[in-house]
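The values are calculated or read from the model by the stated rules, or taken from the named source; none is laboratory data. What you are looking at is a predicted structure, and each value in this text was computed from that prediction instead of being measured. Heads up, the Cβs are rebuilt from the backbone with ideal geometry, glycines too, and the neighbour counts pull from every protein chain shown.
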Protein chains: 2
Amino acid sequence: MNTFPHRTEQPSALLTDLYQFTMLDAYYRLGMEQTAIFEFFVRRLPERRSFLIAAGLEQVLDYLENVRFTAEELDWLGSTGRVSDTTIERLRNFRFTGRAFAVPEGTVFFAHEPILRVEAPLPEAQLIESRIVNLLHYQTLVASKAARCRLAAPKAELVEFGMRRAHGAEAALLGSRASYIGGLDATATLEASHRYGIPMAGTMAHSFVQAHELESHAFLNFARMHPDNVVLLIDTYDLTRAAHRVVDLAHRLRGDGIRIKGVRIDSGDLAQAATNVRNILDHGDCRDVRILVSGALDEYSIEALQAARAPIDVFCLGTHLTVSEDAPGLDCAYKLQQYAGRPVRKLSPWKETWAGPRQVYRQYDPSGYIAMDILAGEDEVIDGRALLREVMTDGHRLCPCPSLKSVREYCAEQLCHLPPALRGLEHVLQAPVKITHKQRELAAAVAQRMH
Amino acid sequence: MNTFPHRTEQPSALLTDLYQFTMLDAYYRLGMEQTAIFEFFVRRLPERRSFLIAAGLEQVLDYLENVRFTAEELDWLGSTGRVSDTTIERLRNFRFTGRAFAVPEGTVFFAHEPILRVEAPLPEAQLIESRIVNLLHYQTLVASKAARCRLAAPKAELVEFGMRRAHGAEAALLGSRASYIGGLDATATLEASHRYGIPMAGTMAHSFVQAHELESHAFLNFARMHPDNVVLLIDTYDLTRAAHRVVDLAHRLRGDGIRIKGVRIDSGDLAQAATNVRNILDHGDCRDVRILVSGALDEYSIEALQAARAPIDVFCLGTHLTVSEDAPGLDCAYKLQQYAGRPVRKLSPWKETWAGPRQVYRQYDPSGYIAMDILAGEDEVIDGRALLREVMTDGHRLCPCPSLKSVREYCAEQLCHLPPALRGLEHVLQAPVKITHKQRELAAAVAQRMH
């Protein structure tokens, strides 16, 4: 169990789309309250993704357990005239009472595979759609990007620096969380460390150097003030000169028992700059000073820097990770699969869905790699490991969520099961997913019936 | 003044980078508390942007007025061992006491132009960096994208549908706000309407149709339940059949005084689909039924649909707008320009900055278009309208922020002043910005001095 306070502040339950209330109101008044089954899945993977990492379930369960309306919110909602008074009255005691099945956070998954299934009275299952998508979409996006960064540099230290250009406060926090799940080692965002227990890391800004009249004074002052965490930013003016200053300072500080842990380079040609700085440090007997780099890094630049054998110890990842720069959105959906025992599907061009509640069965080859996922009806008996497990019943989670650290370890393990062909950053292969014959038959039968 | 409750929930003041506290701690202990001047600007515009729209100032001012630490936060911060006890004690009474100068929200601006200048004791001005960037970056990104959508369809109705794939809760709300500033007409996000007074809009989901055994029953039930807002989603199964059903239903409902306001198409070739549906509606004497479209729309697809003369009345914009799909991050910075009266700059390759506090003077041609922006030292006397105005002193805002509606009107006016050549979606021209001779001299002189 996680020992850190989660303190997920719940945003207003009005953080949803207007149409959720319009439909809920109609369902209440029409007496359409039988069990609906919805599933969350990704329709198509982004162009440069061969797999995704599921993340965000813990926040979804927090939301489902706690979604409530305040009197003020309901008064306002009533005042819009979009929802009937009887519905407003019923919402005063609203709580989610359904069941949920999900794949564990950190699980590798592919297009069309459900990672969450919700079974609840139709109005409830509908109302929660927008926030569920909002939570699963973003963290899955970032965890998947983080996993790619980890695959690009299996042994390097990776630090997340993304808060300032994350899309708002919650993205900053959940982005740190998802990055950690995907394989980063630490975050610069203090509140993410406070809330989720993610190890923290940080250096200094250019302004610290600039606020001093001399760069050498800035370095000395920083080392004196923070002798246990001396990481100096060396590219404010002239990188070579700064590297020599670090060597001088390192020798001077050794007498005081202070060690310079690292230097950070944030601009220019990072491979060349790191090589230059490494040489200066090594010739100056500072082999133990590590080199950190930052500045618009992503899995592609990390791979290129590794291929160039740039002597870099730590990659600091910011914007490109936190906004998932090359794929800032996923084509994901939360779709009705069944209502009142009747399987349904959509036939919209390019957006057709499968019908009925489903399960994913994962099969491994003798080396432990994922051989095939079988996408089947929930009631089919199929070889393999069933990925979706029941996590909530009657609106209460069945067991505490695993600690974030263990989710991260599980994700690392998942990446080990990923076939090598799917690990590349560019060459996207067909995902190893098969649909059962029974699923295809059901889809065809439902299509016949739908009009 | 805005009549809606803003209720901007302040996230924890620990929502910042670790290094802000590391530096603040050093500044306190070194007695480096003279006035620092920082500026926020965008270094380079994204590849497909010719201008940006400033947004987020109101949230920045809320933050600066309210940033405080709780005892629990400070106890935790102290427990990390990264900050001295004396600093923790000082933070118990922390408040921002500085001045701020800014361009109004909704202002058009270009690369290197400051849109916010902060003048405060160095530790304060430093600490607030991360959240200020977080707030200005995201809203500027989205307002700029929204303005492009507005320019692509000057007369169409544009509705924001982005909540579910926004990066978290705050992005959903601030994304709606920024979209409205940039020129959208309404939002589907109820809480954005509740909090900011943005007009609300909404239709129905495919699940509503699917939950009924017959599409025609779903349409009839929706119309009966919400007779004042009948907008039907017609692409769940077969678009043509659904359009004919709408015609039948429209005639049937006329007797009851119920009007079908619109139909939404969410898939397929939207130009073709809209033309097909328009024909059916017109031939069925339903000329007043409007056509809404949705599905991965952005300024480029809007422009293409307009060029194809697709009979579309309302464009519903989701993910691509809210995550600014083609440019989900801006290369922006909050940089030290002066400390203790001494102008400073950075010389890092590709990231050089100008020195000292600055002002932007905007000059117009006789037609009212922006002719040239002059980027000058704050103390230079230059022709033109000074864009930065004082908005905060001693940590208090000087006057209430304008209503969101008036910000939106101001932004629309700003777009009218944009030279036609800068309005295209693809052809990016050199921005009309000049740096004064005096600024260049200062930069050169400071570069000489910096080491």
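For a quick check of your reading of the model, give me the residue pairs whose first member lies in segment B:110-126 and is touching a residue at least 24 places away in the same chain (Cβ under 8 Å), whose second is of a type in the set (Asp, Glu) and crowded, with 24+ Cβ neighbours inside 10 Å, with beta-carbon atoms closer than 8 Å and at least 6 apart or on different chains.
Final answer for the pair search is B:114/B:39; B:116/B:39; B:117/B:39; B:118/B:39.
Give segment A:150-171 a look and list any residue that's touching a strand residue (DSSP E or B) at 6+ places or on another chain (Cβ under 6 Å) and in a helix (DSSP H, G or I), or say none.
Within segment A:150-171, just A:163 meets the criteria.
Consider residue A:29 against the criteria (1) part of a helix (DSSP H, G or I); (2) more than 30 Å from residue B:199 (Cα to Cα): it satisfies all of them except one. Which criterion is unmet?
Of (1) part of a helix (DSSP H, G or I); (2) more than 30 Å from residue B:199 (Cα to Cα), only one is false for residue A:29: (2).
Going through A:117, A:165 one at a time, which residue ends up being assigned by TED's automatic domain parsing to the domain that holds residue A:433 and basic (Lys, Arg)?
A:117 is the lone residue from the list that is assigned by TED's automatic domain parsing to the domain that holds residue A:433 and basic (Lys, Arg).
Take the residues in segment A:224-259 that are in a helix (DSSP H, G or I) and within 17 Å of residue B:28 (Cβ to Cβ), then tell me which one is nearest to the other protein chains (Cβ to nearest Cβ).
Filtering first and then ranking leaves A:225.
Among the residues of segment A:96-117, is there at least one that is under 27 Å from residue A:343 (Cβ atoms), among the acidic types (Asp, Glu) and surrounded by 20 or more Cβ atoms within 10 Å (Cβ to Cβ)?
yes
Please find, within segment A:203-223, the residue that is surrounded by the fewest Cβ atoms within 10 Å (Cβ to Cβ) out of those that are at the interface with another protein chain (Cβ under 7 Å from one of its Cβ atoms) and in a helix (DSSP H, G or I).
Here the answer is A:221.
Which residues, counting only those in segment A:378-396, are more than 21 Å from the chain's Cα centre (by Cα) and either basic (Lys, Arg) or part of a loop (DSSP other than H, G, I, E, B) (or both)?
Within segment A:378-396, the subset more than 21 Å from the chain's Cα centre (by Cα) is A:378-386, A:390, A:392-396.
Listed by number, the residues that qualify are A:378, A:379, A:380, A:381, A:382, A:383, A:384, A:385, A:394, A:395.
Is it the case, given these coordinates, that residue A:333 is within 14 Å of chain B (Cβ to nearest Cβ) and over 24 Å from residue A:164 (Cβ atoms)?
Answer is yes for this residue.
List the number of the failed condition for residue A:156; all other conditions in (1) touching a Phe, Trp or Tyr at 6+ places or on another chain (Cβ under 9 Å); (2) surrounded by 24 or more Cβ atoms within 10 Å (Cβ to Cβ); (3) farther than 28 Å from residue A:19 by Cβ hold.
Status for residue A:156: all satisfied but (2).
Scanning for something under 23 Å from residue A:301 (Cβ atoms) and in contact with a Phe, Trp or Tyr (Cβ under 7 Å, 6 or more places away or on another chain), does segment A:237-247 turn up at least one residue?
First pass over segment A:237-247, keeping only residues under 23 Å from residue A:301 (Cβ atoms): A:239-240, A:242-243.
Filter again for in contact with a Phe, Trp or Tyr (Cβ under 7 Å, 6 or more places away or on another chain), leaving none.
No.
Among the residues of segment A:359-368, is any among the basic types (Lys, Arg), within 14 Å of chain B (Cβ to nearest Cβ) and touching a strand residue (DSSP E or B) at 6+ places or on another chain (Cβ under 8 Å)?
No, that holds for no residue.
Go through segment A:278-319 and give me each residue that's over 19 Å from residue A:155 (Cβ atoms) and more than 14 Å from chain B (Cβ to nearest Cβ).
Within segment A:278-319, A:279, A:280, A:281, A:282, A:283, A:284, A:285, A:286 qualify.
Against the definition (closer than 30 Å to residue A:265 by Cβ and either at pLDDT 95 or above or out of contact with any helix residue (DSSP H, G or I) (no Cβ under 9 Å at 6 or more places or on another chain) (or both)), how does residue B:449 come out, yes or no?
Details: closer than 30 Å to residue A:265 by Cβ: yes; either at pLDDT 95 or above or out of contact with any helix residue (DSSP H, G or I) (no Cβ under 9 Å at 6 or more places or on another chain) (or both): yes.
In short, yes.
Here are some conditions: (1) under 16 Å from the mean Cα position of the chain (by Cα); (2) over 20 Å from residue A:130 (Cβ atoms). Residue A:59 meets all but one. Which one does it not meet?
(2)
Considering only segment B:320-330, how many residues are closer than 12 Å to residue B:138 by Cα, in contact with an Asp or Glu (Cβ under 8 Å, 6 or more places away or on another chain), facing chain A (nearest Cβ under 9 Å) and not small (Gly, Ala, Ser)?
Qualifying residue count for the region: 2.
Can you name every residue in segment A:291-336 that is crowded, with 23+ Cβ neighbours inside 10 Å and of a type in the set (Phe, Trp, Tyr)?
Answer for segment A:291-336, where residues must be crowded, with 23+ Cβ neighbours inside 10 Å and of a type in the set (Phe, Trp, Tyr): A:315, A:334.
Mind checking which pairs have a first residue in segment A:393-407 that is surrounded by 12 or more Cβ atoms within 10 Å (Cβ to Cβ) and a second that is part of a loop (DSSP other than H, G, I, E, B) and of a type in the set (S, T, N, Q), Cβ under 6 Å, 6 or more apart or different chains?
Short answer, once both residue conditions are applied: A:395/A:97; A:403/A:2.
For segment B:184-202, which residues satisfy the criterion of being part of a loop (DSSP other than H, G, I, E, B), buried (at least 23 other Cβ atoms within 10 Å of the Cβ) and modelled with pLDDT of 95 or more? Walk me through it before giving the result.
Residues of segment B:184-202 part of a loop (DSSP other than H, G, I, E, B): B:184-185, B:188, B:197-199, B:201-202.
Narrowing the set further to residues that are buried (at least 23 other Cβ atoms within 10 Å of the Cβ) leaves B:184, B:188, B:198, B:201-202.
Result: B:184, B:188, B:198, B:201.
Out of the residues in segment A:408-451 that are part of a loop (DSSP other than H, G, I, E, B) and within 14 Å of another protein chain (Cβ to nearest Cβ), state the one that is surrounded by the most Cβ atoms within 10 Å (Cβ to Cβ).
A:450
Of A:329, A:318, A:284, A:356, which residue is more than 30 Å from residue A:266 (Cβ to Cβ) and modelled with pLDDT of 95 or more?
A:356
Does residue A:87 satisfy being among the polar types (S, T, N, Q), in contact (Cβ under 8 Å) with a residue 12 or more places away in the chain and touching a Gly at 6+ places or on another chain (Cβ under 7 Å)?
no
To keep it simple, each residue is scored yes or no on (1) more than 14 Å from every other protein chain (Cβ to nearest Cβ); (2) of a type in the set (S, T, N, Q).
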position: A:37; (1), (2): no, no
position: A:44; (1), (2): no, no
position: A:54; (1), (2): yes, no
position: A:74; (1), (2): no, no
position: A:78; (1), (2): no, no
position: A:81; (1), (2): no, no
position: A:87; (1), (2): no, yes
position: A:106; (1), (2): yes, no
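Within segment A:162-202, count every residue that is closer than 23 Å to residue A:48 by Cα and facing another protein chain (nearest Cβ under 8 Å).
The number of residues fulfilling the criteria is 6.
With segment A:45-93 as the region, which helices (runs of 4 or more DSSP H) entirely inside it contain at least 2 residues that are in contact with a strand residue (DSSP E or B) (Cβ under 6 Å, 6 or more places away or on another chain)? Can you show your working first?
Working: elements: A:57-66, A:71-79, A:85-91.
Where helices (runs of 4 or more DSSP H) fall fully within segment A:45-93 and carry at least 2 residues being in contact with a strand residue (DSSP E or B) (Cβ under 6 Å, 6 or more places away or on another chain), they are A:57-66.
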